[in-house]
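A.B. asks: If you scroll down you'll find the structure; I have some questions about it.
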Amino acid sequence: MMRKVLAAISILLLSIWASAQPVHAADDTGAISGKIITAEGQPAWIAWVALTDAATGIGLGEVFTELDGTYTYPNVRPGIYKLQINYNNRYQWVPQKVTYEDGAVFTVTAGATTVVDETLLPGAVVNVKLVDDRSGRPVSSACAAIHIDRKCDQAGGLFTFTDLPGGGHDVDVNAPDGLHRSVSQRVTTVLGQTTDVEIRLAPSAAITTVVRDRATGSPVQGVCVIALPRHFGDVRHEDCKYRSAADGKVVVGQLDSGTYSLLAVPGWGHGIQWVGPSGGTGSQYRAQQLRAVVGASTQASQVRLDQAGTVTGTITDADTGEPIRYGNACATILPIRTGQSGVGGATCTTSEGTYELHGLGPYAWPIQYTATLYPKYYAWEWSGGAADRRSADPVKVTSGQTVTVNAALRSGGTLTGRTLNKDGTVYSGSLDLWSYNTRTGDVAGPADYAHAGTYTLRGLASQHVKIKLWAVGHGYRWHKDAATFEKADPVRVTQGRDRTLDITLPSPS
């Protein structure tokens, strides 16, 4: 069917091209005809043949080849011309050249037919060699893909791709065992030629586990499993990169060396959980602690999923008792940034000021409450009025049931000041700032996108926080000019009060 459609298009294009040419007497024009065959000697059906005026470089139209690979340009004015062929997105200029400049010039004379046959160049070939960036040894337990052609587990780490068009292609590489980081590298090919490329893969660590239903022992497919360090800041949907297969197995890879806990986020029915040594838990601090080492795979305990329960309640203003309505307050079991889509059933208030957290495993969960009702910025707090997740009063969830927990939020504290350059002058460019709880590493309040030389971080409960910064030309750093969360200076803030602190930009990156 498709070939019939393309043949009809070919006839239509030819008629349009012919009708666009000036009318000449038959003895005033010539013609170009010929046959296009593939590198294997077969007729190239529906090859695109384009005519260009070699004197001006102006394209004059195109036709398609017939079933037998033949084509004809009738009524061509006398002159000099070049022909370009496109077959399956592989372009070449006659005779078997890849650039316009190298294409041959053909002369058309009145009353005569110029015959131009062409054999298509074979497709380009790419040989991809995958090697470990640290050891230099070949990596065979990986997959490489160019377009839709994907190959895995090739001996000696050599992946060969054939019959490619000329031009630029992305070579996408990933390691299903999680022990090397994914990478995409650009390669340029030429028709009829072979291109060799070496791609060096950074080694990484991996954690493996199996996801099962606790009651039946059956494997559960499609469950998102995330490996999180002790201080992870926030969790977003894009962190769900690894999901369990039909047999329940999942590999969480591309990790740095370090200690991690697993968070399992299932679909409808089962409840989210931190993975403990013998079952789920609602506390990261009671979850199994797994040591991952670059170059090795660590086996975690099985994930045993339980049926989910629900937490509901009303979020109010502590001063007025009025509900905070219409999505201006939110509840979540995991820290998320303002404006981000979080993991774990984050939900915001209805027109009545109520919320519902679905899909929670039947464990004791800390719940975070956040709200902004401009110009009032409420303190972000955890259940029980706690400033951080570790101090929260956990809420016990039961499978198949709903528990009610209300929250009354108070005005938050503020951290404000000038943004300065290293020399003490005011920095008036754009500067992004985030606050994180010093004890847990969780995001502590709304971000601020500063300008005009000042910043303000709002919605803070009483706690010590660390400030993360980003500016063009400076990259990410921590106050005061620290590279990591651990080395950053803590800053004391108090709920309901303002504090002034000038921030000096980090050294340019």
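A.B. asks: Hey, can you tell me all the residues within segment 353-391 that are touching a Ser or Thr at 6+ places or on another chain (Cβ under 9 Å), open to solvent by 10 Å² or more (accessible area, probe 1.4 Å), closer than 24 Å to residue 320 by Cβ and not small (Gly, Ala, Ser)?
C.D. replies: If the condition is that a residue be touching a Ser or Thr at 6+ places or on another chain (Cβ under 9 Å), open to solvent by 10 Å² or more (accessible area, probe 1.4 Å), closer than 24 Å to residue 320 by Cβ and not small (Gly, Ala, Ser), then 354, 356, 370, 372, 376, 377, 380, 381 are the ones that fit.
A.B. asks: Give the residue that is farthest from the chain's Cα centre (by Cα), with candidates limited to residues of segment 221-240 that are at pLDDT 95 or above and closer than 28 Å to residue 132 by Cβ.
C.D. replies: 229
A.B. asks: Please work out which one of (1) touching a residue at least 60 places away in the same chain (Cβ under 8 Å); (2) open to solvent by 40 Å² or more (accessible area, probe 1.4 Å) is the condition residue 414 fails and give its number.
C.D. replies: For residue 414, the failing item is (2).
A.B. asks: Filter segment 498-509 for residues that are in a loop (DSSP other than H, G, I, E, B) and either in contact with a His (Cβ under 7 Å, 6 or more places away or on another chain) or surrounded by 13 or more Cβ atoms within 10 Å (Cβ to Cβ) (or both) and give the result.
C.D. replies: Within segment 498-509, 501, 502, 505, 506, 508, 509 meet the criteria.
A.B. asks: Taking residue 205 as the residue in question, decide whether it is under 30 Å from residue 280 (Cβ atoms) and either surrounded by 15 or more Cβ atoms within 10 Å (Cβ to Cβ) or hydroxyl-bearing (Ser, Thr, Tyr) (or both).
C.D. replies: yes
A.B. asks: State yes or no: is residue 490 surrounded by fewer than 20 Cβ atoms within 10 Å (Cβ to Cβ), touching a strand residue (DSSP E or B) at 6+ places or on another chain (Cβ under 6 Å) and farther than 24 Å from residue 330 by Cβ?
C.D. replies: Spelling it out, residue 490 is indeed surrounded by fewer than 20 Cβ atoms within 10 Å (Cβ to Cβ), touching a strand residue (DSSP E or B) at 6+ places or on another chain (Cβ under 6 Å) and farther than 24 Å from residue 330 by Cβ.
A.B. asks: Of the conditions (1) touching a strand residue (DSSP E or B) at 6+ places or on another chain (Cβ under 6 Å); (2) part of a strand (DSSP E or B), residue 191 satisfies every one except a single condition; which number is it?
C.D. replies: (2)
A.B. asks: Additional query: Scan segment 434-455 for residues that are surrounded by fewer than 16 Cβ atoms within 10 Å (Cβ to Cβ) and assigned to a strand (DSSP E or B) and jot them down.
C.D. replies: Those that are surrounded by fewer than 16 Cβ atoms within 10 Å (Cβ to Cβ) and assigned to a strand (DSSP E or B): 449, 451.
A.B. asks: Residues to consider are 431, 420; find the one that is farther than 28 Å from residue 284 by Cβ, open to solvent by 10 Å² or more (accessible area, probe 1.4 Å), modelled with pLDDT of 90 or more and of a type in the set (A, V, I, L, M).
C.D. replies: 420
A.B. asks: State all residues of segment 264-280 that are exposed (fewer than 14 other Cβ atoms within 10 Å of the Cβ) and in contact (Cβ under 8 Å) with a residue 60 or more places away in the chain; if no residue qualifies, say none.
C.D. replies: 268
A.B. asks: Looking only at segment 200-240, which residues are free of Cβ contacts under 8 Å to residues at least 12 places away in the same chain and closer than 19 Å to residue 346 by Cα?
C.D. replies: Once the filter is applied, which keeps residues that are free of Cβ contacts under 8 Å to residues at least 12 places away in the same chain and closer than 19 Å to residue 346 by Cα, segment 200-240 yields only 238.
A.B. asks: Tell me which of these residue 467 doesn't satisfy, since it passes every other one: (1) among the aliphatic types (A, V, I, L, M); (2) free of Cβ contacts under 8 Å to residues at least 12 places away in the same chain; (3) surrounded by 16 or more Cβ atoms within 10 Å (Cβ to Cβ).
C.D. replies: Residue 467 satisfies every listed condition except (2).
A.B. asks: Touching a Leu at 6+ places or on another chain (Cβ under 9 Å) and either of a type in the set (Gly, Ala, Ser) or more than 24 Å from residue 134 (Cα to Cα) (or both), is that true of residue 211?
C.D. replies: Yes, satisfied.
A.B. asks: Take segment 230-241 and flag every residue that is open to solvent by 50 Å² or more (accessible area, probe 1.4 Å), in a loop (DSSP other than H, G, I, E, B) and not basic (Lys, Arg).
C.D. replies: 231
A.B. asks: Which of the strands (runs of 3 or more DSSP E) contained wholly in segment 281-325 include at least 2 residues that are in contact (Cβ under 8 Å) with a residue 40 or more places away in the chain and open to solvent by less than 30 Å² (accessible area, probe 1.4 Å)?
C.D. replies: So the answer is 290-292, 303-305, 309-317.
A.B. asks: Being free of Cβ contacts under 8 Å to residues at least 24 places away in the same chain and loosely packed, with under 13 Cβ neighbours inside 10 Å is true for just one of 59, 111. Which residue is that?
C.D. replies: Going through 59, 111 in turn, the sole match is 59.
A.B. asks: Just one of (1) surrounded by fewer than 16 Cβ atoms within 10 Å (Cβ to Cβ); (2) within 28 Å of residue 244 (Cβ to Cβ) trips up residue 188, so point out which.
C.D. replies: Exception for residue 188: condition (2).
A.B. asks: Is there any pair linking a residue in segment 442-463 that is more than 16 Å from residue 335 (Cα to Cα) to one that is charged (D, E, K, R), with Cβ under 7 Å and at least six apart or on different chains, and which?
C.D. replies: Short answer, once both residue conditions are applied: 449/432; 453/418; 454/418; 455/448; 456/448; 457/448.
A.B. asks: May I pose another question? Taking segment 247-264 on its own, how many of its residues are closer than 19 Å to residue 215 by Cβ and either of a type outside the set (Asp, Glu) or part of a strand (DSSP E or B) (or both)?
C.D. replies: Residues meeting the conditions: 2.
A.B. asks: Identify, by number, the condition in (1) in a loop (DSSP other than H, G, I, E, B); (2) in contact with a Ser or Thr (Cβ under 9 Å, 6 or more places away or on another chain); (3) open to solvent by 50 Å² or more (accessible area, probe 1.4 Å) that residue 216 doesn't meet.
C.D. replies: Checking residue 216 against (1) in a loop (DSSP other than H, G, I, E, B); (2) in contact with a Ser or Thr (Cβ under 9 Å, 6 or more places away or on another chain); (3) open to solvent by 50 Å² or more (accessible area, probe 1.4 Å), the one that fails is (2).
A.B. asks: What is the number of the single condition among (1) modelled with pLDDT of 95 or more; (2) over 30 Å from residue 286 (Cα atoms) that residue 404 does not meet?
C.D. replies: For residue 404, the exception is condition (2).
A.B. asks: Right, another one. Going by the conditions given, is residue 331 within 29 Å of the chain's Cα centre (by Cα), open to solvent by less than 50 Å² (accessible area, probe 1.4 Å), of a type in the set (Gly, Ala, Ser) and closer than 17 Å to residue 403 by Cβ?
C.D. replies: Spelling it out, residue 331 is indeed within 29 Å of the chain's Cα centre (by Cα), open to solvent by less than 50 Å² (accessible area, probe 1.4 Å), of a type in the set (Gly, Ala, Ser) and closer than 17 Å to residue 403 by Cβ.
A.B. asks: Now for a separate question. Take the conditions open to solvent by 10 Å² or more (accessible area, probe 1.4 Å) and either under 33 Å from the mean Cα position of the chain (by Cα) or modelled with pLDDT under 95 (or both) and apply them to residue 394. Does it pass?
C.D. replies: no
The values are calculated or read from the model by the stated rules, or taken from the named source; none is laboratory data. In this text, all values refer to a predicted model and were calculated from it rather than measured experimentally. Reconstructed Cβ throughout: ideal geometry from the backbone, glycine too, with neighbour counts over all protein chains shown. What goes into the accessible areas is simple: the full protein's heavy atoms, side chains included, and nothing from ligands, DNA or RNA. Shrake-Rupley method; radii C 1.70, N 1.55, O 1.52, S 1.80 Å.
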